[in-house]
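Below is one structure; the comments refer to it alone.
Only the coordinates and a few stated rules stand behind these numbers; no lab work does. Every value quoted in this text rests on a predicted model; they were computed, and no experiment measured them. A quick note on method: Cβ atoms are made from the backbone with ideal geometry, for glycine too, and the neighbour counts reach across all protein chains shown.
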Amino acid sequence: MERRTFVKLLGTGGVAVLLPTEIPGCNNRQLEALRPWETLPDIPQNSDIRLKFVSYAILAPNAHNKQPWIVDLRGEGIDLYIDPKRLLPQTDPQARQITISQGTFLETLVIAASHYGIEANISLFPNGIDLLEQIGKNPVAHISLSSKEQKDIQEDELFNFILKRHTNRRVYSGPPLTDAEITTLRGSYTNKDYPLHMFIDPAILSDVAGMMTEAMRIETYNRAMHGETVEMLRFNDDEIEQHRDGLSFPNLGITGMKLFFAKLFTSRNSAFDESFLQRTVDSVREGAFSSQAMGLITSRGTTRIDEISVGRYFARLFLTAAQLGLSLQPMSQIMEIASVKPHFAKSVNLQNEEPQMLFRLGRSSPTPHSARRALNDIVNQ
Ligand SMILES: Cc1cc2nc3c(=O)[nH]c(=O)nc-3n(C[C@H](O)[C@H](O)[C@H](O)COP(=O)(O)O)c2cc1C
């Protein structure tokens with residue numbers, strides 16, 4: 001069969017036929033890049049407890065799996081910085097998603113600390129907020145820690161779902177979300193400044209799925225934007241091990257024979273072929289239209305503090321979905337494509353609210369975890 005024909009067989013919303021390990025020549029290697037998902041693999045028993053919190057926090061959801069964090073442990077507590085070398089200037093030109101990804105990190109860290117009986121108190125932007133051009137100069141947050149002796153800290157029950165949570169880009173199917181599930185998701189946080197909208201009406205789901213597809217089509221056919229995403233695709237195990245960030249085919253929901261052929265016949269160059277672009281949009285369409293519910297976190301303001309707060313609440317909501325056994329995929333393109341965003345705001349009736357995190361929800365089998373960098377690469381000690 002021609003290489004091009006193989007490429008056409010690929011779909012990023014593929015359904016499992018065989019497990020990757022069941023296919024000769026497919027990944028049955030233990031990847032170091034996935035070890036951070038094992039329970040505290042790197043941390044010796046008596047080491048700095050702050051490393052334990054950070055080792056969970058790096059498992060937080062984050063845009064393009066850039067892992068845009070620098071953690072400074074040289075002083076008291078923990079200082080978190082945006083890594084200015086890990087921005088997404090094409091797909092996230094205002095660094096909005098990168099800032100939300102600081103919020104997901106912080107919330108995951110707070111939850112992990114509670115497991116160890118430690119309260120993590122966050123002061124945002126202790127030295128002020130950097131302009132876009134200077135992002136990463138000053139800390140996003142200083143985290144001070146107080147132990148159980150001083151305060152009685154309850155473990156956050158979401159701790160148990162940090163290692164389970166993952167972004168699931170498969171097609172969703174099965175029974176619709178129950179009222180109880182929707183109520184639990186709605187209860188994952190309460191703050192009237194960051195409203196959570198849940199959509200289950202089929203007409204709205206279909207309308208928004210159409211806009212998700214259109215926004216993705218525009219992004220995919222923009223060479224610079226698509227190029228930035230392709231930069232973060234990891235085409236084989238060696239690339240996963242080398243970079244320990246970004247997205248691999250299994251993370252895109254490709255498993256079984258499709259994974260086998262994807263690894264064999266797709267490359268960074270072929271990712272610009274018309275067939276690849278089409279398959280990318282088609283798979284997003286398929287996924288979007290299979291949504292069994294959608295959620296949207298908005299903010300009343302548009303400051304960096306708002307973005308971090310959105311990230312914190314989104315992390316809680318994502319972990320709550322994992323607790324319920326539900327699949328979730330953020331869909332950011334509508335928020336970044338100026339020609340689609342106002343139609344979306346109108347169709348879901350937003351008034352004086354900024355759409356921040358839009359995501360689809362449903363049921364599907366899990367996909368493998370995405371890579372994470374070694375702690376040494378993120379932490380200054
Ligand atoms: C701000 C933000 C925006 C995101 N946007 C998208 C998106 O548009 N499409 C998508 O498939 N995943 C999106 N994600 C999910 C990330 O790609 C995912 O969290 C990352 O690859 C790490 O994988 P994990 O969530 O499985 O740990 C987003 C996550 C965050 C925090």
With label points set 7 Å from each Cα along the Cα-to-Cβ direction at Glu231 and Leu132, the distance between them in nm comes to 1.6
Checking rank on 260-271, 57-68, 341-352, with mean other Cβ inside 10 Å and highest first, the result is 57-68, 260-271, 341-352
extent check for the chain: Cα max minus min per principal axis, descending, whole Å, gives 66, 49, 43
Per 5 angstrom bin, beginning at 0 and ending with the bin that holds the maximum distance, the Cα pairs of the range 32-162 fall in percents of 2, 10, 20, 22, 20, 14, 8, 3, 1, 0
So, over other residues within a Cβ distance under 14 Å of Ser309, counting Lys, Arg +1 and Asp, Glu -1, the net charge is 0
Here, Ile200 and Gln242, labelled 7 Å along Cα→Cβ, have an inter-label distance in nm of 4.7
With Thr298 itself left out, Lys, Arg at +1 and Asp, Glu at -1 over residues whose Cβ is under 9 Å from its Cβ give -1
Restricted to pairs 8 or more residues apart or on different chains, the lysines in the chain with C-alpha atoms under 25 Å apart form a number of pairs equal to 16
Once normalised by the length of the range 32-162, the mean sequence separation of its alpha carbon contacts under 8 Å that are 6 or more apart gives a contact order in percent of 25
CD proxy, 222 nm, the chain: helix-only mean residue ellipticity via -39,500 (n - 2.57) per DSSP H run with n ≥ 4, per residue, nearest 500, stands at -11000 deg cm²/dmol
The relative contact order of the chain, taking Cα pairs under 8 Å that sit 6 or more residues apart, comes to a percentage of 29
Low-density loop trypsin sites (Lys or Arg not before Pro), the range 176-252, at most 13 other Cβ within 10 Å, DSSP non-H/G/I/E/B, are Lys192
When Met212, Met225, Met198 are arranged by how many other beta-carbons sit within 10 Å of their Cβ, fewest first, they go Met198, Met225, Met212
Given unit charges at Cβ for Lys, Arg (+) and Asp, Glu (-), the dipole magnitude of the range 40-144 about its Cα centre in debye, nearest 20, is 200
Residues whose built amide H sits under 5 Å from the amide H of Ala141, excluding neighbours closer than 5 in sequence, are Leu80, Phe125
Env charge @ Phe318, Cβ radius under 12 Å, K,R +1 / D,E -1, value +3
Nearest-0.05 FRET efficiency for Glu157 and Glu38 at R0 = 22 Å, using Cβ-Cβ distance, is 0.55
In this structure, the FRET efficiency calculated for Leu264 and Ala374 from their beta-carbon separation, with R0 = 30 Å, to the nearest 0.05, is 0.55
Neighbour-count ranking for Glu76, Glu228, Glu155 (other C-beta within 10 angstrom, fewest to most) reads Glu76, Glu155, Glu228
If the chain between Asp193 and Phe272 were fully extended at 0.36 nm per residue, the gain over the current Cα-Cα distance would be 24.3 nm
